[in-house]
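For reference, the structure discussed in these notes is given below.
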Amino acid sequence: MIEYETVVGLEVHCELLTVTKLFCGCRNAFGDEPNTNICPVCLGLPGSLPVLNRRAVELALRIGTALNCRPERSIFHRKNYFYPDMPKDYQISQYDEPINVDGWLELPDGSRVGIERAHMEEDTGKTTHVGGGGRIHEAGYSLVDYNRAGVPLVEIVSRPDIRSAAQARAYVDELRSILVATGASDGRMEEGSLRVDANVSVRPVGATEYGTRCEVKNLNSMRSLERAVDYEVARQTALVESGERIAQETRHWDEGDGSTHSLRSKEEANDYRYFPEPDLTPLVPDAGLLAAAAEGVGPMPAERRHRLSSLLAGDAELATRRDGSTDQVVTVVDLGLDDLVRDAVAAGADPRLALARAANEAAANPEGAKSLDPAAFAALLKMESAGQLSATQSKEVLAELMSQGGDPARIAGRLGYEQMDSSAFEAMVDEVINANPEEWQRFCGGDDKVAQFLLGQVMRASKGRANGKLVAAAFASRRHV
Amino acid sequence: MTGPERLITPEDVRHVARLARLALDDDEVARYAVQLSAILEAVDAVRRLDTADVPPTAHPFPVENVLRPDTEMPSLDREWVLAQAPVAESNRFRVPRIMGEAP
Amino acid sequence: MSARPAPEFGSLVEIAERVRSGTLSARAVLSQSLDRIRELEGDLHCFNAVTEQAAMEDADHIDHLVRSGADPGPLAGVPVALKDNLCTEGVPTTCSSKILEGWLPPYDATVVRRLRDAGAIAVGKTNLDEFAMGSSTENSAFGPTKNPWDTGRVPGGSSGGSAAAVAAGMVPLSFGSDTGGSIRQPAALCGIVGVKPTYGVVSRYGLIAFASSLDQIGPFATTVADAALGLEVIAGHDPMDSTSLDRPAPSVLATLGDGVEGLRIGIVEDFLSVGSDCRDAVVAAGEALSAAGAKVDQVAIPELLLGLPAYYVIAPAEASSNLSRYDGVRYGLRVDGPDVETMNARTRGEGFGPEVKRRIMMGTYALSAGYYDAYYGQAQKARTLVIRAFEAAYKNFDVLLTPTTPSVAFPFGSKVADPIEMYMCDLCSIPSSLAGHPAASVPFALSSEGLPIGIQVLAPALGESVMMRVAASLEKAAPRAARGPVTP
C-alpha cells in the first residue's frame, strides 16, 4: 500500500504593534467603538492618498531579521478585488518585490521550516453578519466596521516544509514566541492579531512533486489548526487512494462539525490584476532603517534555548533532543525565566536544579517568578544542594519567595525548616525498619524499588523535614550485604 | 481588424464587466465589444513594440523611502461619515448579504 | 461666431494689492464675479455649484482681516473657481458623476487649503467630463459646458468648466486637473493660459484620482503672469502626498520677464500634421520667438507618437483601480440588490457614464491575467522610451513647441460617437504627461473662423521657469484678440 506524507505550508498574518495605521495617523487599537478610528485615507475616501508608517517598516524588518530573512528593496502593489471590508476595493500589499525573503525558523525539536517571504500589507475592516445562522451565506445582511482597515500587517509565508499537524502547531507556537519577542506583535490569536491559514496537500512518500493543495481558512486557535490539518490530510488521502482528483480550492474550517467545507464561489478564481502602487514610492532598507529595526531587540527564543542548554552542557541525561535542550528549557524560555536561571547559575546555583525549579515550581506562579530576585533564588538553591533543606521544604520556601519576597534563610528558619538533627532521623530510619520487616528484607535482598517506599515512610514521619538524600544514605548504610 | 487574439468579444466584455462590477445589458455588451475592440486596435502599437532591455517606468521621478512618523492624528467625526453612508446601522455601514468569503 | 471682448478683472497682483491696501473690498471683486456668473451661467453651464453664500462670508472675512491690519495673502480677494474633482469640505464634490451626486467631502484638498490661506475666494465648483475622462466636457452627467467663443462648440475637456469660467470673465483664476491634456486642451480651445506643472510639484491630496501617476492640478488664467502666480501659490511639498516632490517649488515669477534671448527652441515636427490653422500658428510662434532672440529649429522626436497608445493603456488601467471604491457601500449612489455583489454592479452600472465604463473595462482588461505583460507592462516600457526621447531632445533644446491640440473647438456631438477620434485631441499633450514634464498652453492666434488656437510650450522636469519665460514671450507677440475673456 502506498504511504502518503503530509505537506503543509502556513501563511500567518501578524498585526504590528504600531501606534498608528500603516498609511495614516489613525489609531491602531483593538476593541474601540466601531468606526471611530477612521479618516479619509483608511476609509478610502475620494482624493485620499497613503503615506507609509516608518515604524511599521522598522518592525517588518525586525521580523525579517528574526526569521533570518534577507531584506530587499521592495515596492507595494495593488491587489484588486471587491469586498465590503475593503474601503478602496483594492488592498495595498506587496507582490513580487517583497521586503523580506528567504529565511527560516528553528523549532524547539531542532527541525527547520523555510520562510519564503514576510511582506507588508494593510488589514481590512471587519464585517458582522446579521440574520440567518451567522454564517455568511445564511445572513440577511452585513455590517462593516473600518477601525481595523489600514492596520499594518506582516504576512509570513512558510515553505511547504511542514510534515505533520503537530509540527504545524509547533511552528505557529514558535513563530508567535518570536513575534512577541521582537516586540512587533502581541500574538493574540483570540483577538485576531495573529491569523493562520494553512495550505495542505499530500503526496506519496518519496515523491518530489507536490500534490494539489487546498487552502484552509478560519483557523481561530492552535487546536483548530491541528484538527483541520489532520482532517484535511485524511480527506485528501482518501480521495487520492480512491483515484479521485483533488480540486485546488479554498476550504473553510468548521469548528462545530470538525470538517472543512468547499468555498467554491459561482465564478472562477480571483484575478487580482496586481500592478505597482503608483501612490507610493519604492522602499530601500537603508542603514538607518536597519539600525532602527535592530534597536532594543533581545535574543530570539531559539538562541535563548541554546544559551540555556549550554549551561547544562556535558549533562548527558539532558541531551535528549537534537539541539540539546529539553522540555524544561523550552518551558523556561517560553515563560521568560531564562535570565533568572542564568543569573542564579552565575551566582553559584546548580544548573540542573535551577532549571528544574524554574520549569516546575516557578512555572506555577509565572508572575511571581518574574519578580524573583536571582540572588535569593540562588541562595535557596544552594541551601537545597547542600542538604540544609529537603526538596519539599525548598519548594515551600520558593513559593513564599515568589509571592512575598524576602530572604530564604530567614523564611526557612521561621517555617521551622532547620536542619533536622541526624540522630532524630536516624532514629526514624530504625523505627521504619522495625515496623516494616518484610520490605526491609526485600531491600536488603537488592530490591531497589522498595527503597522508595521505605524512604517515603521516613519522609511522612518527619513531615518532609528529613533530607531525602541523607535518609537514603542511612538506609543504604544499614543494608546487610 | 485581423486576428481573433485582438478582438474583444461580448464574452470578454461580460468577463471584464464582472471583474469590474459593472452591470450591463445585452445592448451595452454588444456596443462595448465593438468600441473596446477599436480601442485595443488603436493601442496595438504598444503591444508590438520591441522593448527588450527597456525597463518599465512606474514613476516619472525616482524617489524612494517617503515615510511618516508613527504619530497619532485626529480621526473623522463618525456622525458625519455615517451621515454620508447610503445605509448605516449600529454605527456601522450596512450592506446586503455577502455571498462569499473574502479571498 | 459672435464673441466679443469682455470686462476684465485686472491682474491678480493688482486685485490682491488693492484689496490688501483697502482701496478695493473683496466683496466688490466678488460682486463682479457673481454678477457675471448670474448673467451667463444659465447659458454656459460652467458650474456644478455656485457657493454664493460661503463666498460672501469669505470675502467679508478677508475685508475684516485687512481692516484689522493683517495680511490676507498674495491672492487676497481673488475669486477662484475649482474643478469639481477637488475636495472641498462640506461642499458637494461630484466629479460630474451621478455616482457622487450629493457627496460632501469631510476635508479640503491641500490645494484648496493653500488657496484659502492665500486669501482667494472660492465661488464654486466647475463642470468637467465625468471623473476627468474626456476632451470636451460632453461626458458630464449634468450636461455639457459651452465654449464662450461659440456656444455651439465645446470648451474642451476635461476641465471645460474651469476654462470657460475664466474665458467668460466669470473669475480671473480657476483650477483644473491635467492627466493627458485636461488643462492645456481646454485652455487652447477657450483662448486662455493653462499650465500643467511637473509631476509632484503640486500636491494631489484631495484631487479625486483618475490616473495616479499622471494627474496634476494646475491654473487657468487670462495672462501668463496670472497663471504663474496661481501656480506658485499652490506648488510645494505636501507630506500627505507620497509622490509630492520634497524640494522647493520652481520659482517662476521672478524670471518671467527675462525674455528668450539665446534660448534654444525646438518645434516638434511630428506634431505638425494637424489642421492647417494650428500648424501655421506654431510656425508663426516660432518666428515670433526667433525675432525675440531665440534660436528656433525643427526637431524630429518620432518616439513621442508612442505616447498616445501608451497613455490609453496606462491611464485606464490606473483609473480602473482608482474607481473601484465607488461601490455603493460607504458614500454616494447606491442602487440596491439582493446581495452586495449585485448591489455593487447595479450601482456602478447606473452611476457611471459610458466613457467611464469604457475606460474601466479597458483598464481592467489591460491588467487582467494573461494580458498584463502585453499591455500594461509594454505601455510602461513605452513610457520609458518617451522619457528617453525627451532627454535626448533636451540635450539640444531648452524648450519644445507644439500645437496644444490638433484642432480648434469642435461642434457639440461631432466627436462623441467615436471614442478614438476624441482621444486624438490629446495627441500633442500626452507625451509630457507620461514623462512628468511641465507644459503650458498660451493663446496665440485665431483660426480662420475666429476660434482660439493655443501653442504648447514643453520643458524638462522642474523647468517651469524657462517654460513660463517662453510663454510670456509668446504672449507678448500674440494679438490681444486671440485671448479671452469674451462675451458669447
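Figures for the structure shown
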read-out: Test result for C:Thr198, surrounded by fewer than 24 Cβ atoms within 10 Å (Cβ to Cβ), out of contact with any Asp or Glu (no Cβ under 6 Å at 6 or more places or on another chain) and either over 16 Å from C:Cys46 (Cα atoms) or outside the structural domain of C:Ser324 (by TED's automatic domain parsing) (or both); value: no
read-out: Pair list, Cβ under 6 Å, 6 or more apart: segment C:308-332 residue within 11 Å of chain A (Cβ to nearest Cβ) and closer than 19 Å to C:Lys357 by Cβ, other residue aliphatic (A, V, I, L, M) and open to solvent by 10 Å² or more (accessible area, probe 1.4 Å); value: C:Asn322/C:Ala209
read-out: Residue in segment A:198-219 that is over 19 Å from A:His13 (Cβ atoms), open to solvent by 50 Å² or more (accessible area, probe 1.4 Å) and among the basic types (Lys, Arg) present; value: no
read-out: Of the criteria (1) open to solvent by 10 Å² or more (accessible area, probe 1.4 Å); (2) within 10 Å of chain B (Cβ to nearest Cβ), which one C:Gly353 fails; value: (2)
read-out: For B:Pro55: the one exception among (1) more than 7 Å from chain C (Cβ to nearest Cβ); (2) modelled with pLDDT under 95; (3) touching a helix residue (DSSP H, G or I) at 6+ places or on another chain (Cβ under 7 Å); (4) exposed (fewer than 15 other Cβ atoms within 10 Å of the Cβ); value: (1)
read-out: Filter pass, C:Leu451 being open to solvent by less than 10 Å² (accessible area, probe 1.4 Å), under 20 Å from the mean Cα position of the chain (by Cα) and more than 14 Å from chain B (Cβ to nearest Cβ); value: yes
read-out: Residue check for A:Val240: open to solvent by less than 30 Å² (accessible area, probe 1.4 Å) and either assigned by TED's automatic domain parsing to the domain that holds A:Gln91 or part of a strand (DSSP E or B) (or both); value: no
read-out: Only one of A:Ser390, A:Ser385, A:Ser309 that is crowded, with 18+ Cβ neighbours inside 10 Å and either modelled with pLDDT under 85 or over 27 Å from the mean Cα position of the chain (by Cα) (or both); value: A:Ser390
read-out: Sole exception among (1) closer than 15 Å to C:Ala459 by Cβ; (2) open to solvent by less than 40 Å² (accessible area, probe 1.4 Å) for C:Arg264, by number; value: (2)
read-out: Identity of the residue in segment B:69-91, at the interface with chain A (Cβ under 7 Å from one of its Cβ atoms) and open to solvent by 60 Å² or more (accessible area, probe 1.4 Å), that ends up farthest from A:Gly125 (Cα to Cα); value: B:Pro69
read-out: Some residue of segment C:393-411 being open to solvent by 30 Å² or more (accessible area, probe 1.4 Å) and within 11 Å of chain B (Cβ to nearest Cβ); value: no
read-out: Any chance C:Ala109 is touching a Ser or Thr at 6+ places or on another chain (Cβ under 8 Å) and buried (at least 24 other Cβ atoms within 10 Å of the Cβ); value: yes
read-out: Whichever residue in segment C:112-154 is of a type in the set (Val, Ile, Thr) and either open to solvent by 30 Å² or more (accessible area, probe 1.4 Å) or outside any helix (DSSP H, G or I) (or both) and, among such residues, is farthest from C:Leu231 (Cα to Cα); value: C:Thr151
read-out: Of all residues making up segment B:30-44, the number that are under 19 Å from the mean Cα position of the chain (by Cα) and facing another protein chain (nearest Cβ under 7 Å); value: 5
read-out: Some residue of segment A:144-153 being within 17 Å of the chain's Cα centre (by Cα), assigned by TED's automatic domain parsing to the domain that holds A:Thr250 and among the basic types (Lys, Arg); value: no
read-out: Cross-chain or 6+ apart pairs with Cβ under 8 Å, segment C:222-236 first and open to solvent by 20 Å² or more (accessible area, probe 1.4 Å), then of a type in the set (S, T, N, Q); value: C:Thr223/C:Ser11; C:Ala225/C:Ser11; C:Glu232/C:Ser251
read-out: Yes/no for C:Gly337 being at the interface with chain B (Cβ under 7 Å from one of its Cβ atoms), surrounded by fewer than 23 Cβ atoms within 10 Å (Cβ to Cβ) and not in a loop (DSSP other than H, G, I, E, B); value: no
read-out: Where a residue in segment C:95-114 is more than 13 Å from C:Asn85 (Cβ to Cβ) and facing another protein chain (nearest Cβ under 7 Å) and its partner, wherever it lies, is hydrophobic (A, V, I, L, M, F, W, C) and part of a helix (DSSP H, G or I), with Cβ under 9 Å and at least six apart; value: C:Leu104/B:Trp80; C:Leu104/B:Ala83; C:Pro106/B:Trp80; C:Pro106/B:Val81
read-out: Residue that is nearest to the other protein chains (Cβ to nearest Cβ) [pool: residues in segment A:57-107 that are among the aliphatic types (A, V, I, L, M) and part of a helix (DSSP H, G or I)]; value: A:Val57
read-out: Condition broken by A:Phe76, with the remaining ones in (1) buried (at least 24 other Cβ atoms within 10 Å of the Cβ); (2) more than 30 Å from A:Val329 (Cα to Cα); (3) under 27 Å from the mean Cα position of the chain (by Cα) satisfied; value: (3)
read-out: Leading residue by the ranking (modelled with the lowest pLDDT) among those in segment A:344-373 that are open to solvent by 40 Å² or more (accessible area, probe 1.4 Å) and of a type in the set (Gly, Ala, Ser); value: A:Ala364
read-out: Qualifying positions in segment C:356-372 - open to solvent by less than 20 Å² (accessible area, probe 1.4 Å) and either farther than 17 Å from C:Tyr423 by Cα or polar (S, T, N, Q) (or both); value: C:Thr364, C:Tyr365, C:Ala366, C:Leu367, C:Ser368
read-out: Which listed residue, of C:Ala285, C:Ala315, C:Ala281, C:Ala310, is in a helix (DSSP H, G or I), within 26 Å of the chain's Cα centre (by Cα) and under 30 Å from A:Thr124 (Cα atoms); value: C:Ala315
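To keep it simple, each residue is scored yes or no on (1) surrounded by fewer than 24 Cβ atoms within 10 Å (Cβ to Cβ); (2) under 30 Å from C:Asp215 (Cβ atoms); (3) free of Cβ contacts under 8 Å to residues at least 24 places away in the same chain.
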site: A:Leu17; (1), (2), (3): yes, no, no
site: A:Phe23; (1), (2), (3): no, yes, no
site: A:Asp32; (1), (2), (3): yes, no, no
site: A:Ile38; (1), (2), (3): no, yes, no
site: A:Leu49; (1), (2), (3): no, yes, no
site: A:Asn53; (1), (2), (3): no, yes, no
site: A:Leu61; (1), (2), (3): no, no, no
site: A:Asn68; (1), (2), (3): yes, no, no
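The values are calculated or read from the model by the stated rules, or taken from the named source; none is laboratory data. The structure displayed is predicted, hence computed values, not measured ones. In this analysis, Cβ positions are derived from the backbone assuming ideal geometry, glycine residues included, and neighbour counts consider all displayed protein chains. Heavy atoms of the whole protein, side chains included, go into the accessibility calculation; ligands, DNA and RNA do not. Shrake-Rupley method; radii C 1.70, N 1.55, O 1.52, S 1.80 Å.
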